[in-house]
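The values are calculated or read from the model by the stated rules, or taken from the named source; none is laboratory data. Computed from a predicted model, the values in this text were never measured in an experiment. When we count neighbours, we look across all protein chains shown, and the Cβ atoms used for this are built from the backbone with ideal geometry, even at glycine.
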Amino acid sequence: MLIVPYLIGVALTIQQGRFRWYVLPLFAFWMIGYFCFHATSQWLKSRRASRFVRPMVTYGVLAGVFGLITWALAGWSLALWVIPYAPILAFALFLAATRRERDLAGGLLTEVAAALILLVAGHPDPRTAFGDTTGQVLALICFVYFAGTVWVVKTMIRERGKPGWIAASIGWHLVATIAAAVAAGLGHLSWVWPAFFAATTVRAAVLPLNWPMRGRQLSAARIGIVEIAFSTVLLVCALTVGMR
């Protein structure tokens, strides 16, 4: 979720001859910033427990340092990315403060933020991202896939054994597959993408129907391995095929 969209964004800058060095400290800022966000969420969730203050402050300071380096290399316009990220961060922290950070909305918003980093890596000025059709489409593909992962994990852990959640998860993946197939049929996408989303649809059905719905439990580690495999396929497809 954190690494794949970033790598795709950097690869696009190389392919399009737009690579800039700010993307290197951006990665450190992005990763450490997420650690700070997680520590802050735990601090809020725990009603300001002191044990989370040190990691929150440490990660916050480090993220600030790398953020300033990134800003210095990218230019002032990088700060405009605060516009889409600020409300996402604010709402996510609100959910943590009200102990609802595991809500579906929180997970989907996190995936929006993760997908956007693909465009941040290629556009220090967010206004130029509007003209990058390839970047926009690949960011959308990343969002749809990782949001689907949120649904699948819900059906396997917190909402396991609930038919409504399984149906919604399968439905999300079916819609993604159909949309990708329509786009491919119109010549806007490679047929690799409908095939990829069809495979994710099978995953969304097979995992919950063969484990929770049969009274069995698949460990979080094994679920993670499945998702790492699909994420790797997504990365390879994006780097080799792109949109077409």
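Scanning the stretch 216-231 for residues that are closer than 19 Å to Lys162 by Cβ and without any contact (Cβ under 8 Å) to a residue 12 or more places away in the chain yields one hit, Arg216. Residues considered: Gly64, Gly135. Of these, the only one that is at pLDDT 95 or above and over 29 Å from Leu234 (Cα atoms) is Gly64.
Just one of (1) within 24 Å of Thr13 (Cα to Cα); (2) assigned to a helix (DSSP H, G or I) fails for Ala204. It is (1).
In this structure, is Phe66 closer than 15 Å to Met31 by Cα, among the aromatic types (Phe, Trp, Tyr) and crowded, with 17+ Cβ neighbours inside 10 Å? Let's see the steps before the verdict.
On the way: closer than 15 Å to Met31 by Cα: yes; among the aromatic types (Phe, Trp, Tyr): yes; crowded, with 17+ Cβ neighbours inside 10 Å: yes.
So Phe66 fits the description; yes.
Does Leu12 satisfy the criteria of being under 19 Å from Thr128 (Cβ atoms), surrounded by 13 or more Cβ atoms within 10 Å (Cβ to Cβ) and in contact with a Pro (Cβ under 9 Å, 6 or more places away or on another chain)?
Details: under 19 Å from Thr128 (Cβ atoms): yes; surrounded by 13 or more Cβ atoms within 10 Å (Cβ to Cβ): yes; in contact with a Pro (Cβ under 9 Å, 6 or more places away or on another chain): no.
Here the answer is no, as Leu12 does not meet what is asked.
When Ser41 is tested against (1) touching a residue at least 60 places away in the same chain (Cβ under 8 Å); (2) not in a helix (DSSP H, G or I), just one condition goes unmet, and that condition is (2).
Applying the criterion of being in a helix (DSSP H, G or I) and charged (D, E, K, R) to the residues of the stretch 98-153, the residue that is surrounded by the most Cβ atoms within 10 Å (Cβ to Cβ) is Glu111.
Residue-wise test of (1) outside the structural domain of Val10 (by TED's automatic domain parsing); (2) of a type in the set (Gly, Ala, Ser); (3) touching a helix residue (DSSP H, G or I) at 6+ places or on another chain (Cβ under 8 Å).
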| position | (1), (2), (3) |
| --- | --- |
| Lys162 | yes, no, yes |
| Ala176 | yes, yes, yes |
| Leu207 | yes, no, yes |
| Pro212 | yes, no, yes |
| Ser219 | yes, yes, no |
| Ile225 | yes, no, no |
| Leu234 | yes, no, yes |
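Note on the stretch 36-60: residues that are hydroxyl-bearing (Ser, Thr, Tyr) and surrounded by 18 or more Cβ atoms within 10 Å (Cβ to Cβ) total 3. Within the stretch 171-184, residues that are part of a helix (DSSP H, G or I) have Cβ atoms under 8 Å from residues that are small (Gly, Ala, Ser) in these pairs: Trp172/Ala147; Trp172/Gly148; Trp172/Ala204; His173/Gly148; His173/Ala204; Ala176/Gly148; Thr177/Ala198; Ala184/Ser190, counting only partners at least 6 apart in sequence or on another chain.
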